[in-house]
1. Can you name every residue in region 11-39 that is open to solvent by 30 Å² or more (accessible area, probe 1.4 Å) and either farther than 20 Å from residue 131 by Cβ or touching an Asp or Glu at 6+ places or on another chain (Cβ under 8 Å) (or both)?
2. Would you point out which residue out of 298, 285, 294 is in contact with an Asp or Glu (Cβ under 7 Å, 6 or more places away or on another chain) and surrounded by 15 or more Cβ atoms within 10 Å (Cβ to Cβ)?
3. Checking the conditions here, which among 153, 121 is open to solvent by 60 Å² or more (accessible area, probe 1.4 Å) and either within 19 Å of residue 92 (Cα to Cα) or among the aromatic types (Phe, Trp, Tyr) (or both)?
4. Would you say residue 145 is touching an Asp or Glu at 6+ places or on another chain (Cβ under 7 Å) and either farther than 25 Å from residue 330 by Cα or among the small types (Gly, Ala, Ser) (or both)?
5. Name every residue in region 87-118 that is of a type in the set (S, T, N, Q), buried (at least 24 other Cβ atoms within 10 Å of the Cβ) and assigned to a helix (DSSP H, G or I), in order of residue number.
6. Those residues that are loosely packed, with under 15 Cβ neighbours inside 10 Å and either within 20 Å of the chain's Cα centre (by Cα) or not small (Gly, Ala, Ser) (or both), I need them from region 308-322; list them, please.
7. Restricting attention to region 252-304, which residues are hydrophobic (A, V, I, L, M, F, W, C), farther than 21 Å from residue 335 by Cβ and assigned to a loop (DSSP other than H, G, I, E, B)?
8. Restricted to region 136-150, and to residues that are surrounded by fewer than 12 Cβ atoms within 10 Å (Cβ to Cβ) and of a type in the set (D, E, K, R), which residue is farthest from the chain's Cα centre (by Cα)?
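The values are calculated or read from the model by the stated rules, or taken from the named source; none is laboratory data. Since the model is a prediction, treat every value here as computed from it, not as a measurement. For neighbour counting, all protein chains shown are included, and Cβ atoms are generated from backbone atoms with ideal geometry for every residue, glycine included. Accessible surface areas use protein heavy atoms only, side chains included; no ligands, DNA or RNA. Shrake-Rupley method; radii C 1.70, N 1.55, O 1.52, S 1.80 Å.
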Amino acid sequence: MTAVGPFGLSVRDQALEADVQAGLAAVEAGLLDATKSDVPFITEAAQHLVRAGGKRFRPLLVMLAAQFGDPHAPGVVPSAVVIELTHLATLYHDDVMDEADVRRGVDSANARWGNSVAVLTGDFLFARASHILADLGPEAVRIQAEAFERLVTGQILETAGPRDGRDPVEHYLDVIAGKTGSLIAVSGRFGAMMSGADERTVDILTQYGERLGVAFQLADDVLDIASDSHESGKTPGTDLREGIPTLPVLHLRARAASGGAAAEDLALVELLDSDLTDDVRHADALRRLRVHPALEQARRDTVRYAEEARATLAPLPDCYAKAALEELCDLVVHRAG
């Protein structure tokens, strides 16, 4: 077995490994080409996060899904570039909204150049993704547009919060299905579709991507609390500091709102509702959440969605690519372990 890509996937077949490695290398070259501008400063800003690296999780999924058709079909690599450019663009915008200082182990674009440059650079990446997408045909444009609408809707719903009477956990799961699941679902869909796989296979890999995407985000929620900056590449507790509800916090609040809530639950909620821009309070909240049962409950939810993703693959024929997709479920869970 050889680890493929920064995500650390172990591939059990040399031919599959060669295909995936070659595909990811072509995507990397495509990302650098797509982020070049005649204006050197735009190139520097647009390539800032590309050169910082990353797991390239979405392109990896495109390459594996393409194995169920012709992995060398001409649309496979460009579609992976489109998805990663779109993802990178959302990171520039997210960092502005979250006022983040670190992304992928380097200064965030907004910390280095200011919010205006970060937002406009994200827009530039969206434009370049659209330019590539136009060559993949109207169906690909429609699919990407629908996914992007879901992504933005999820972000808006997160900002607006749940409507009166709605379970905050259910609301949050809808939010991340849009914010994260939608684009990862398209990764599976584009990989299968561009490779010429049959419609049933395309549908299976789309559903797989959606469920895996939710698990992926839930693992990030756990990491935001449980990891240090060396592990995650960004400042721990960013969502916590900004008051953005994530699953561990929502589970804690549900426990505190129930009858007979423990005093420690109520005290921790009170701390979370205080000013967490204060470094001492923020560190205390992180320390207490890291040993709270709500964090373990969020880990269990991550496992559940990853197992649902794995079960979705059952109708596909057994092959090395299917085994790799199953292993991705384990890797996502491992991140939250």
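1. 12, 13, 14, 15, 17, 18, 19, 21, 22, 25
2. Sole residue among the options that is in contact with an Asp or Glu (Cβ under 7 Å, 6 or more places away or on another chain) and surrounded by 15 or more Cβ atoms within 10 Å (Cβ to Cβ): 298.
3. 153
4. no
5. If we filter region 87-118 for residues that are of a type in the set (S, T, N, Q), which is where we start, we get 90, 108, 110, 115-116.
Add one more test, that the residue is buried (at least 24 other Cβ atoms within 10 Å of the Cβ), and what stays is 108, 110.
Scanning region 87-118 gives a single hit, 110.
6. 315, 317, 318, 319, listed by residue number.
7. The answer is 261, 262, 276.
8. Checked region 136-150; the qualifying residue farthest from the chain's Cα centre (by Cα) is 139.
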